[in-house]
Protein chains: 2
Amino acid sequence: MSLLVVGSVALDTVETPFDKIEDALGGSATYISLAASYFSNPVILIGVVGSDFPKQYIELLEQHNIELEGLQIVDGEKTFRWGGKYHYDLNVRDTLFTELNAFQNFNPVIPEKFRKSKYVCLGNIGPDLQIKVLDQIIDPQFVVCDTMNLWINIMKQDLLNLIKRVDVFILNDSEARLLTEEPNLIKAAKIIREMGPKILIIKKGEHGALLFTEDTIFSAPAYPMEMIFDPTGAGDSFAGGFTGYLHQTRDLSPENIKRAVIFGSTMASFCVEKFSTKGLEDLSYLQIQDRFREFKKISHFDESD
Amino acid sequence: MSLLVVGSVALDTVETPFDKIEDALGGSATYISLAASYFSNPVILIGVVGSDFPKQYIELLEQHNIELEGLQIVDGEKTFRWGGKYHYDLNVRDTLFTELNAFQNFNPVIPEKFRKSKYVCLGNIGPDLQIKVLDQIIDPQFVVCDTMNLWINIMKQDLLNLIKRVDVFILNDSEARLLTEEPNLIKAAKIIREMGPKILIIKKGEHGALLFTEDTIFSAPAYPMEMIFDPTGAGDSFAGGFTGYLHQTRDLSPENIKRAVIFGSTMASFCVEKFSTKGLEDLSYLQIQDRFREFKKISHFDESD
């Protein structure tokens, strides 16, 4: 029973007030797979790159036991590139350029042997492509889906069709408001859960994340960080840690889903500590567990001593 | 050992998408005192109103065992009035008018017998007035201070002088950024704590609150509410619940301060459920305890089952 991940694989050019990096490893499927690789083994990555995709990045992914048979390499094409700039207030980001390149005509094909995957994480790409992937999975048991504002704006109907079929839908607070036109997040969550997904996670960046299930609301704190070097990939790392942990434990109880939210937040916090994927490249399980416990420390209180 | 509260006592005209109310009971000292009255007995209120201040409001405060000997009633003057309008997104508020009236020449005088108060809550009024109050307290043991963006903008030096002398400083996230010119809240918190207050609380509205002490950061969730009728007074109710609980328990340990933050959040959540002070007027201690436990339920998770 493997974990299948689809999304973008990209070369990112990122500028923050602290540094600048060109053609760094990026993309939603990349961050998700790396984060999930600390829990799941193997992770199957479905995506596309051009023939210019650096061999060292292939090796990096392979070192994390990420299965790349489903990563198409389009000969003569260039890899999808994204350029972004973060301001002094890292909550504000400008997209400087988007070159689709090989991604333009991406037709995700799941190799036959991976179609029996039970756990699926549909990383942020167009909902039409996410549907194409889901259609090829024979009997998915647990489907997690991430998205972004772009798709709500230009492919809303596809997205609505998709989320009827997923178990967990992840989006951020402004996207939840955009999708529902409802400023109150608790009401927005109710509306979105009525659209299909039994489990909803609203990411709130520096304010943590909210988990909504049938009977519970769970509020996860953000890890308090003085230095965020590069917020790129935080949301994807969250999805990867969340799905990876649930795939590892095979336990979909409400209590374990809460833990998964914390492991997702844990991976997001490691992600933003360094540029590009660097923060996810060399972690020990002990480090991950330690940070999980720190989340507990900052959010727990007792009724009495 | 009583709890002394200073701040504004006002007549509020508030419009939200749901209703409109005119000349309702309002003001920082009012909300703080009412919220604290569920924990502390008596609460001593220091403030000023005009001779038009409705008798029924006096009675309401007295019913909550709030000691009004320090509430000046200026003959022939009108009470401080504030008018505000909340938009569909309740996070956005316009001030429609501010009439200082009796507040214009407010010179807070603490009746002799209250000058030995050990617990002091300096509600949101000008820092010059907060200092005047503090100067009259003989040997304050625990001083909590709230503020707002206006004072950071026009009386920054007074505010800086004041917070050197307080134990707990409370402000919201945008005010913390304004005061420090630092977008990262964790860094901003460090900077503010270096300005004096050993304990800092940053309120984040719908995202909860952060508590910073010497060794700990504590992240309190917001109570998930589908319906916020009137956000006015939420921050003051937080300060009142927080200070009242600490005054009641006389326990300034880090664990108890965390509980106080949750009791503050609890009172803020009751406050915004109804218009004006209505949400704070008729609570039972059982209701308060139940909600406290709900905060625990939404924020706690276990390492394993």
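The values are calculated or read from the model by the stated rules, or taken from the named source; none is laboratory data. None of the values given here were measured: they were computed from a predicted structure. Counting neighbours? That spans all protein chains shown, and the Cβs are built from the backbone with ideal geometry, glycine included. Just so you know, the surface numbers come from the protein's heavy atoms only, side chains and all, with ligands and any DNA or RNA stripped out. Shrake-Rupley method; radii C 1.70, N 1.55, O 1.52, S 1.80 Å.
What are the label-to-label distances in nm, one decimal and shortest first, from residue B:153 to the same spot in the other copies, with labels 7 Å along Cα to Cβ?
Those label-point separations list as 3.1 nm.
In peptide A:181-187, what is the residue-averaged number of other protein chain Cβ atoms found within 10 Å of each Cβ? Spell out each step's value before the answer.
Working: counts 1, 3, 9, 10, 6, 8, 3.
Going residue by residue through A:181-187 and averaging, the value is 6.
Calculate, in nm to one decimal, what residue A:93 and residue A:128 gain on full extension: separation in residues at 0.36 nm each, minus their alpha carbon distance.
Working: separation 35, 0.36 × 35 = 12.60 nm, distance 2.58 nm.
Between residue A:93 and residue A:128, full extension yields 10.0 nm more.
Using the 2.2 N^0.38 Å rule of thumb for compact globular proteins, work out how the stretch A:48-190 stacks up: its C-alpha Rg over that value, please. Let's see the in-between values first.
Details: Rg = 17.1 Å, N = 143, 2.2 N^0.38 = 14.5 Å.
For the stretch A:48-190, the normalised Cα radius of gyration is 1.18.
Please compute the average number of Cβ atoms from other chains found within 10 Å of each residue's Cβ in peptide B:254-260. Mind showing how you got there, number by number?
On the way: counts 1, 5, 4, 1, 5, 5, 1.
Per residue, the average neighbour count from other chains is 3.
Once you average over the residues of A:291-301, how many Cβ atoms of partner chains fall within 10 Å of each Cβ? Write out the running numbers ahead of the final one.
Details: counts 0, 2, 1, 1, 2, 4, 4, 8, 10, 9, 17.
Counting other chains' Cβ atoms within 10 Å and averaging over A:291-301 gives 5.
Any idea what the residue A:190 label distances to the other copies are, label 7 Å down the Cα→Cβ vector, nm, shortest first?
Shortest to longest, the spacings are 4.2 nm.
Using a probe radius of 1.4 Å on heavy atoms only, what accessible surface per residue do you get for the stretch A:256-305? Whole Å² is fine.
Numbers: 1950 Å² over 50 residues.
Ligands and nucleic acids excluded, the figure is 39 Å² per residue.
I want to verify a result. In a Gaussian network model of chain B, Cα cutoff 10 Å, which of these has the top mean-square fluctuation: B:137, B:32, B:58?
Answer for the Gaussian network model of chain B: B:58.
Where in the stretch B:36-51 does the amide nitrogen come within less than 20 Å of the point 7 Å from the Cα of residue B:289, taken along Cα to Cβ?
Once the point is set 7 Å along Cα→Cβ of residue B:289, B:36-41 turn out to lie under 20 Å by backbone N, inside the stretch B:36-51.
Given the rotation relating B and A, tell me which residue in B puts its Cβ closest to the axis and the distance in Å.
Residue nearest the B-to-A axis, with distance in whole Å: B:207, 2.
Could you tell me how many cubic angstrom of Cα convex hull volume chain A has per residue?
Numbers: hull volume 40.2 nm³, N = 305.
Per residue, the Cα convex hull of chain A comes to 132 Å³.
Per 5 Å bin, what percent of the C-alpha pairs of the stretch A:213-277 does each bin hold, from zero upward?
4, 20, 25, 22, 15, 9, 5, 1
Subtracting the Cα-Cα distance from 0.36 nm times the residue separation, let me have the gained length for residue A:157 to residue A:59 in nm, one decimal. Kindly include the intermediate steps, with their values, before the conclusion.
Details: separation 98, 0.36 × 98 = 35.28 nm, distance 3.80 nm.
Contour length minus Cα-Cα distance gives 31.5 nm.
Ordered shortest first, which distances in nm separate the 7 Å Cα→C-beta label point of residue B:296 from those of the other copies?
Inter-copy label distances (nm, one decimal, shortest first): 1.6.
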